[in-house]
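The values are calculated or read from the model by the stated rules, or taken from the named source; none is laboratory data. All of these numbers come straight from a predicted model, not from anything done at the bench. Neighbour counts run over all protein chains shown; Cβ positions are idealised from the backbone, glycine included.
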Amino acid sequence: KILLDQLEIDCECFGSTTFKGENMDSGIEPDQCFYIQNHARMRGKRRVDLTLDQPPDLAIEVDVTSKTQLDVYANLGVPELWRYEKNQLRIDLLQGGEYRQVTTSPTFPRLPIPDLVADVLAQSRETGRSPALRAFRQRLKQLLK
């Protein structure tokens, strides 16, 4: 949310919404998800209906525990997936029905997202959440000059 706000990118946040496609036995619930490119279509909606609506543009998962979850995201067509596992952020893009790891997010191409996340989490453990987030905002301002 901070990145989107700092970059003045419009979005609709649907938090940890449960998503389930028509032909799916199980759904998926990301820790956070955003409609960015499709934000205007989702404005004012309280629920997502994947029979009518696009999947979120970006989903964020902490500690993904199985490949099955990745397959569910791929089947839903979520184009960008961030996974935080083993103290590292991994950015995956959906390409040809499968996720491929990339180093740069197409949503934030000018920013080293994995490095920024690692830094803010390390600082948060050291100084606390609020000071770390303030420092993160300042660093973003410097990087975006």
Inset, instruction - Kindly indicate which of T104, T127 is within 17 Å of L4 (Cα to Cα) and hydroxyl-bearing (S, T, Y). - result: T104
Inset, instruction - Could you list, in sequence order, all residues of segment 94-131 that are of a type in the set (K, R) and in a helix (DSSP H, G or I)? - result: R125, R129
Legend entry - First in segment 36-47 and in a helix (DSSP H, G or I), second anywhere and at pLDDT 90 or above, Cβ under 6 Å, 6 or more apart: H39/D10; H39/C11; H39/E12; M42/E12; M42/Y35
Legend entry - Unique match (being exposed (fewer than 15 other Cβ atoms within 10 Å of the Cβ), closer than 20 Å to C13 by Cβ and modelled with pLDDT of 90 or more) among P106, P79: P106
Inset, instruction - Report whether or not D119 is surrounded by fewer than 19 Cβ atoms within 10 Å (Cβ to Cβ) and over 26 Å from Q6 (Cα atoms). - result: no
Inset, instruction - State which residue is modelled with the highest pLDDT when the search covers only segment 1-59 and only residues that are among the acidic types (D, E) and over 16 Å from the mean Cα position of the chain (by Cα). - result: E8
Inset, instruction - Please name all residue pairs, on different chains or six or more residues apart, with Cβ atoms under 6 Å, provided the first residue is in segment 1-12 and is under 12 Å from C33 (Cα atoms) and the second residue is of a type in the set (D, E, K, R) and surrounded by 14 or more Cβ atoms within 10 Å (Cβ to Cβ). - result: none
Legend entry - Test for L111: is it farther than 18 Å from C11 by Cβ, surrounded by 14 or more Cβ atoms within 10 Å (Cβ to Cβ), of a type in the set (A, V, I, L, M) and in contact (Cβ under 8 Å) with a residue 24 or more places away in the chain: no
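Going residue by residue through segment 85-102, is there one that turns out to be in contact (Cβ under 8 Å) with a residue 40 or more places away in the chain and buried (at least 17 other Cβ atoms within 10 Å of the Cβ)? Steps first, answer last, please.
Let us first name the residues in segment 85-102 that are in contact (Cβ under 8 Å) with a residue 40 or more places away in the chain, namely none.
No - not one qualifying residue is present in segment 85-102.
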Legend entry - Residue selected from segment 67-93 under the condition of a type in the set (S, T, Y) and in a helix (DSSP H, G or I), by the criterion nearest to L121 (Cα to Cα): Y73
Inset, instruction - Looking only at segment 103-113, decide whether some residue is over 24 Å from E29 (Cβ atoms) and among the small types (G, A, S). - result: no
Inset, instruction - Identify, by number, the condition in (1) under 17 Å from the mean Cα position of the chain (by Cα); (2) loosely packed, with under 15 Cβ neighbours inside 10 Å; (3) among the hydrophobic types (A, V, I, L, M, F, W, C) that L144 doesn't meet. - result: (1)
Inset, instruction - Looking at (1) within 17 Å of K1 (Cβ to Cβ); (2) modelled with pLDDT under 95; (3) surrounded by 12 or more Cβ atoms within 10 Å (Cβ to Cβ); (4) of a type outside the set (A, V, I, L, M, F, W, C), find the lone condition where Q138 falls short. - result: (3)
